[in-house]
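Structure record follows, encoded as structure tokens.
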Amino acid sequence: MTIKENILEILDDIKKYSPNPEKVKLVAVTKYVDSDTIKEVLKTGVNILGENKVQVIEEKRKELPENEYDIKWHFIGNLQKNKVKYIASYIDMVHSINKLSLAEEIDKRAKSHNRKIDVLLEINISEEESKEGYILKELLEDIPKLLKLENINICGLMTMAPFEEDEEKIRTIFRNLRLLKEKWNKEYFNGQLKELSMGMSQDYKIALEEGATLIRVGSKIYK
Ligand SMILES: *Cc1c(COP(=O)(O)O)cnc(C)c1O
């Protein structure tokens, strides 16, 4: 299938599986492909691109200049603190806040550019193999300090389900992230958590059924 056909299928799935399709956005993960392929993606009208390496975004940005392409770059991987300064002037959203010191660095760099950066708290809900994301207990301790950072806008939660588990287990993980968002909106965030970034090529349909608002889909687009 072509890139366009694949993307149309995913956009169609959003309507089919999400209870609130108008709130859902596709983050086209482009970490596997070059700028020419990205242009094919952009032609379909999808312009939120997910990348997980600072240097790669920097290179692709040179090949896809801002005055020609309207791209919203989303950072979806493990972000090293010493790299934040390179992306702070333009990054549209960071999905992967996994420690206080990273949030503080983004806050500081955003401030120096006179902007506020949208971020998501990445949570290791299953507390299993994958070491990505905050452990819940640590995050709970950090919330008061995170809330004081004025140049980041904590606008939701993100998680990654473990790969190739059974469907019900994945569904439970996504559901728990949604329930956590609802609970925390009452307890700490005063309704400011709007986004749920969950679901990839393997499991985005389940994520949509459980209320995802940002699905991060890569490999399925290029098949
Ligand atoms: C690569 C990646 C994706 C996309 O995964 P696919 O299985 O290719 O759809 C989504 N989220 C994160 C954090 C990733 O690193």
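The values are calculated or read from the model by the stated rules, or taken from the named source; none is laboratory data. Every value quoted in this text rests on a predicted model; they were computed, and no experiment measured them. We place every Cβ from the backbone using ideal geometry, glycine too, and count neighbours over all the protein chains shown. In case anyone asks, the SASA skips ligands and DNA or RNA and just uses the protein heavy atoms, side chains included. Shrake-Rupley method; radii C 1.70, N 1.55, O 1.52, S 1.80 Å.
Restrict the check to region 51-70 and report whether at least one residue is among the polar types (S, T, N, Q) and more than 22 Å from residue 216 (Cα to Cα). Talk me through it step by step, then tell me what you get.
The first filter runs over region 51-70 and keeps only residues among the polar types (S, T, N, Q), leaving 52, 55, 67.
Keeping just the survivors that are more than 22 Å from residue 216 (Cα to Cα) gives 67.
Checked against the condition, which is being among the polar types (S, T, N, Q) and more than 22 Å from residue 216 (Cα to Cα), region 51-70 yields at least one hit.
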Open item on the list: Quick check on region 20-35: of everything there that is within 16 Å of the ligand (Cβ to nearest atom) and open to solvent by less than 80 Å² (accessible area, probe 1.4 Å), which residue is farthest from the chain's Cα centre (by Cα)?
Closed with: 33
TODO: Scan (1) under 17 Å from the mean Cα position of the chain (by Cα); (2) at pLDDT below 95; (3) among the acidic types (Asp, Glu) for the single condition residue 195 breaks and write down its number.
DONE: (2)
- [ ] Those residues that are in a helix (DSSP H, G or I), open to solvent by 30 Å² or more (accessible area, probe 1.4 Å) and without any contact (Cβ under 8 Å) to a residue 60 or more places away in the chain, I need them from region 181-212; list them, please.
- [x] 181, 182, 183, 186, 187, 188
TODO: Would you mention how many residues in region 82-103 are under 21 Å from residue 142 (Cα atoms) and either within 16 Å of the ligand (Cβ to nearest atom) or of a type outside the set (S, T, N, Q) (or both)?
DONE: 11
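Each row is one residue, and each column tells you yes or no for (1) surrounded by 14 or more Cβ atoms within 10 Å (Cβ to Cβ); (2) at pLDDT below 95; (3) among the aromatic types (Phe, Trp, Tyr); (4) part of a strand (DSSP E or B).
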site: 110; (1), (2), (3), (4): yes, no, no, no
site: 129; (1), (2), (3), (4): no, yes, no, no
site: 142; (1), (2), (3), (4): yes, no, no, no
site: 150; (1), (2), (3), (4): no, no, no, no
site: 155; (1), (2), (3), (4): yes, no, no, yes
site: 160; (1), (2), (3), (4): yes, yes, no, no
site: 179; (1), (2), (3), (4): no, no, no, no
Task: Residue list for region 48-88, restricted to those being more than 19 Å from residue 213 (Cα to Cα) and within 14 Å of the chain's Cα centre (by Cα) - done: 52, 53, 78, 79
TODO: Could you tell me which of the residues 38, 48 is β-branched (Val, Ile, Thr), in contact with a strand residue (DSSP E or B) (Cβ under 8 Å, 6 or more places away or on another chain) and away from the ligand (no atom under 14 Å from the Cβ)?
DONE: 38
